[in-house]
1. Of the residues A:A137, A:A186, A:A164, which single one is modelled with pLDDT of 85 or more and under 29 Å from B:I61 (Cβ atoms)?
2. Just need a number here: residues in segment B:28-58 that are closer than 23 Å to A:P146 by Cα, free of Cβ contacts under 8 Å to residues at least 24 places away in the same chain and out of contact with any strand residue (DSSP E or B) (no Cβ under 8 Å at 6 or more places or on another chain).
3. Could you list, in sequence order, the residues of segment B:3-52 that are within 30 Å of A:V33 (Cα to Cα) and touching a His at 6+ places or on another chain (Cβ under 9 Å)?
4. Just for segment A:17-38: of the residues that are among the aliphatic types (A, V, I, L, M) and either touching a residue at least 12 places away in the same chain (Cβ under 8 Å) or open to solvent by 40 Å² or more (accessible area, probe 1.4 Å) (or both), which one is nearest to B:A57 (Cα to Cα)?
5. Taking the options B:V98, B:V109, name whichever one is within 24 Å of the chain's Cα centre (by Cα), within 18 Å of B:L31 (Cβ to Cβ) and facing chain A (nearest Cβ under 8 Å).
6. Looking at (1) over 26 Å from A:A154 (Cα atoms); (2) in contact (Cβ under 8 Å) with a residue 40 or more places away in the chain, which one does B:V25 not meet, given that it meets all the others?
7. Which members of segment A:61-88 meet the condition of being outside any helix (DSSP H, G or I) and within 7 Å of chain B (Cβ to nearest Cβ)?
8. Can you pull out the residues in segment B:51-74 that are within 7 Å of chain A (Cβ to nearest Cβ) and open to solvent by less than 50 Å² (accessible area, probe 1.4 Å)?
Amino acid sequence: MRWLGLALVVVAAATLMLGVADLPPHGAPDAPVHTHVGARYLERGVAETGMRNLVTAVLLVYRGFDTFLEVVVIFSALVAVVALPRGRAARPDDGDDRPPAASLTAEGPAQQLVSVSPVVAFVVQLLGPFIAVFALASLYRGHVSPGGGFQSAAIFGALFIAIALVQGRERAALLVPRGARVWLQALGPLSFALIGTVGWILTGAFLGYPADAAAYALREAMVVAVEVGIAVGGAVILAQLFMAMEG
Amino acid sequence: MVLFGVDVDYLAFVVLFCVGLYMLVRKSNLLKKLLGLNVMETAVFAFLVTAGMIEGADPPIRTAGTGPLFANPIPHAMVLTGIVVAVSVTAVALALIVQIHAHYGTIEVDELKGLP
């Protein structure tokens, strides 16, 4: 068994080395990856989508279906995590031949009592508002500058976890209103479906965006709505995943 | 920079990928296996972003004073998709590991073998 794993790694390394040895020189502008559809996106992306950040343009317009299902994937992950049966209740009682399990359950409530260093608590309190503003800025300016819905969701999620670690899970849970939680965690797929349908009515194609210059404000509003859905939905999903991990 | 006939950026991808694969295959602790999987994912993301890069190019954000060369936006968008999938896989795996821990009191694969 010992040599089998090593042999697998060696075979994988040799295969990968053979693969990358044939790649064109790194950073060459005429490599095949740059001469296909990417060049067209770079050339006409701003005119066709109105977004200066072409990564967002690819994400929301050219590959909108991909991103739609990506949002569905992370929502499904949350569904799967929440749907898992709770371990302790499900454990059979006749498990007296497994002593390590008992010592583990005893640690459960005690972990709430672990105090956080005052330095960490102060730094999180000090930086929390700035982190939130940064997340909002990267959300709102995501289609014209670096940033976007997913990045904003990651920053918001990290902020939530930091607050949960410092203030405790109960107080952090108040940040996500209980009544709206069900809708907020599905906001990504919901906003995508809504904006996709609006685009369908306006342009005849699902997830289509009105292309003419007169509809600039409307297109802008649709993009921002999708981005807000991704950011808020993603952040709430990350927060819920963290809350569901209580072992 | 070229090392062993391969560009050093691609070589770093191979090394990182194999480190992750080794952790995934050889470690008995489920958490370490999951970490190995994440290292492998990171290697693939780094490889894709590296492939989209052009020497001396600007990021693909077309504002005044940039260009004429831009990095390829498609690998970036694909990596974003990949990161979301990686987060989802990690979350489900972590939840399963937590449940295994609660059921059996261990997350070592060789101790879990043969348990009912």
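1. A:A137
2. Looking only at that region, the number is 3.
3. Once the filter is applied, which keeps residues that are within 30 Å of A:V33 (Cα to Cα) and touching a His at 6+ places or on another chain (Cβ under 9 Å), segment B:3-52 yields B:D7, B:V8, B:D9, B:Y10, B:L48, B:V49, B:T50, B:A51, B:G52.
4. Residue satisfying both the conditions and the ranking: A:V33.
5. Going through B:V98, B:V109 in turn, just one is within 24 Å of the chain's Cα centre (by Cα), within 18 Å of B:L31 (Cβ to Cβ) and facing chain A (nearest Cβ under 8 Å): B:V98.
6. (2)
7. Passing the criteria: A:R63, A:L84.
8. Of everything in segment B:51-74, those that are within 7 Å of chain A (Cβ to nearest Cβ) and open to solvent by less than 50 Å² (accessible area, probe 1.4 Å) turn out to be B:A51, B:G52, B:I54, B:P60, B:I61, B:F70, B:N72, B:P73, B:I74.
The values are calculated or read from the model by the stated rules, or taken from the named source; none is laboratory data. A quick note: this is a predicted structure, and the numbers were derived from the prediction, not measured. Here the Cβ is made from the backbone with ideal geometry for all residues, glycine too, and neighbour counts use every protein chain on show. Just the protein is used for accessible areas: all its heavy atoms, side chains included, with ligands, DNA and RNA removed. Shrake-Rupley method; radii C 1.70, N 1.55, O 1.52, S 1.80 Å.
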